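Working notes, beginning with the structure itself.
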Amino acid sequence: MGIEDQKEKTICIRPHHGLCLQFFEGKGYSEDFAVHMGHIKDALEKGKKIRITAGADDICAKCPNRRGNGCVSDEKVEEYDSRVLKACGLKYGETLSWEELARRVGKKIISGVGREKICPDCQWSSICKKKE
C-alpha cells in the first residue's frame, strides 16, 4: 500500500526528520530512499497527519541504513531526535500537521537555536547550509 492509499493513517516521523524534510531536495542514501522520502513529503504537504515516533519511522522504510527498528547510526540520530524534541517542545506519540511541525522547526530551530546545534555532524549538512 502506497503512502497516498493510506487515507486515515498518520505518517510516523522521528523528530529529526521534521528538520530534514525542511531542506530535502531529492537526494538521499539511495535513489529508492530519496524517491520514497519525496512521496512522504508530498503526502504531508497534502494534509496527511504526523505522529512523532521513536526509532525507525515511515521515512526509514526505504533506508539502506535501517537495522530492525533502528539505524546503523542509532546513537547519533537518537541524539538528534532528543535535541529536536527539546527545542520544539514535542513529545513521542504526539500527532500534528506538517504545517505545525514545520512552523515549530522553523521558529525554534532554524530561526532559533540553529540547525547546527541539532545535527552538527550530519553528512547532509552541506545541503542544509546552502538553503539557510
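The values are calculated or read from the model by the stated rules, or taken from the named source; none is laboratory data. Everything quoted here is computed from the prediction, not taken from an experiment. Using ideal geometry, Cβ is built from the backbone for each residue, glycine included, and neighbour counts are taken over all protein chains shown. Just so you know, the surface numbers come from the protein's heavy atoms only, side chains and all, with ligands and any DNA or RNA stripped out. Shrake-Rupley method; radii C 1.70, N 1.55, O 1.52, S 1.80 Å.
Before moving on, here are some points about what is shown:
- Unsatisfied cross-links (Cα-Cα over 30 Å) in the set Lys49/Lys76; Lys9/Lys117; Lys48/Lys131: Lys9/Lys117
- Put Ile118, Ile110 in order of accessible area, highest first, and with a 1.4 Å probe you get Ile110, Ile118.
- Phi-derived couplings, Karplus 6.51 cos²θ - 1.76 cosθ + 1.60 at θ = phi - 60°, listed residue by residue for region 117-132: 7, 8, 9, x, 10, 6, 5, 9, 3, 5, 5, 5, 4, 4, 9, 6 Hz, with x used for Gly and Pro.
- In the chain, the DSSP-assigned H stretches of four residues or longer account for a calculated mean residue ellipticity at 222 nm of -12500 deg cm²/dmol, using -39500 (n - 2.57) per stretch and the full residue count as denominator.
- Those residues of region 48-87 whose amide nitrogen sits under 18 Å from the label point placed on Val35, 7 Å along Cα→Cβ: 59-65
- Cα shape, region 52-126, gyration tensor, a/c 1.5 rule: oblate
- Rounded to the nearest angstrom and listed largest first, the equivalent-ellipsoid semi-axes of the chain from its Cα gyration tensor are 20, 17, 15.
- Relative contact order %, region 17-132, counting alpha carbon pairs below 8 Å whose residues are six or more apart: 29
- Note on Lys107 and Lys9: with the Förster distance fixed at 41 Å, the Cβ-Cβ geometry gives a FRET efficiency of about 0.90.
- Extension gain, Lys130 to Glu75: 0.36 nm times the residue separation minus the Cα-Cα distance gives 17.2 nm.
- Alpha-carbon centroid distance for the pair region 7-79 / region 92-132, whole angstrom: 14
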